[in-house]
1. Mean-square fluctuation check for the chain, GNM, Cα pairs under 10 Å: which of 107, 125, 17 is largest?
2. For the peptides 53-59, 69-75, what is the packing order when you average, over each peptide's residues, the other Cβ atoms within 10 Å and list the highest mean first?
3. Considering only DSSP beta bridges with both partners in the chain, what is the antiparallel share in %, to the nearest 5?
4. Quick one: if the Förster radius is 30 Å, what FRET efficiency do residue 113 and residue 36 give, using the C-beta to C-beta distance and rounding to 0.05?
5. Beta carbons within 10 angstrom, averaged per residue: use that to sort the peptides 39-45, 87-93, highest first.
6. If I model the stretch 13-123 as equal point scatterers sitting on the Cα atoms and use the Debye formula, what is log10 I(q)/I(0) at q = 0.09, 0.10, 0.19, 0.22 Å⁻¹?
7. May I ask you to order 28-34, 116-122, 80-86 by the average number of other C-beta atoms within 10 Å around their residues, highest value first?
8. Normalised by the number of residues in the chain, what is the relative contact order in percent for Cα pairs under 8 Å and 6+ residues apart?
């Protein structure tokens, strides 16, 4: 990857909490429903994740929000969830009706889940390691 080439190439990149069991489950859900491999992944804790956050003016220590970077545009929290659903196609793109709900309400619900994710779903001691068959979808 050259310095001018965006991480993930032309693919959207989903940044997620790599030690969160809920987040890892969501990543596995997406992988199974995106057989073409459109979406790439990087843990927020990784060098690639921190670089993408910093490159978009976000603190690299912000681990409470899923972030999607697509074509230079940044989606956070509920907007990232909805955009990923759109990328997965039908029937998941139906989640786009969520845009009708004000962002402040959507993000407040997102924040409640994010604040309680470790208590409800648990956490790992280290970031997940992808299986060999999908490791090319994870940024180093």
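1. Looking only at 107, 125, 17, the biggest GNM fluctuation is shown by 125.
2. In descending order of packing, they fall as 69-75, 53-59.
3. Restricted to the chain, the bridges split so that about 60 percent are antiparallel.
4. 0.60
5. Ranking the peptides 39-45, 87-93 by packing returns 39-45, 87-93.
6. Values, matching the q order: -0.22, -0.27, -1.05, -1.40.
7. 80-86, 28-34, 116-122
8. It rounds to 31 percent for the chain.
Each reported figure results from applying straightforward, stated rules to the coordinates on display, with no laboratory input. This one's a predicted model, so the numbers in the text were calculated from it and none came from an experiment. Note that each Cβ is placed from the backbone with ideal geometry, even for glycine, and that neighbours are counted across all protein chains shown.
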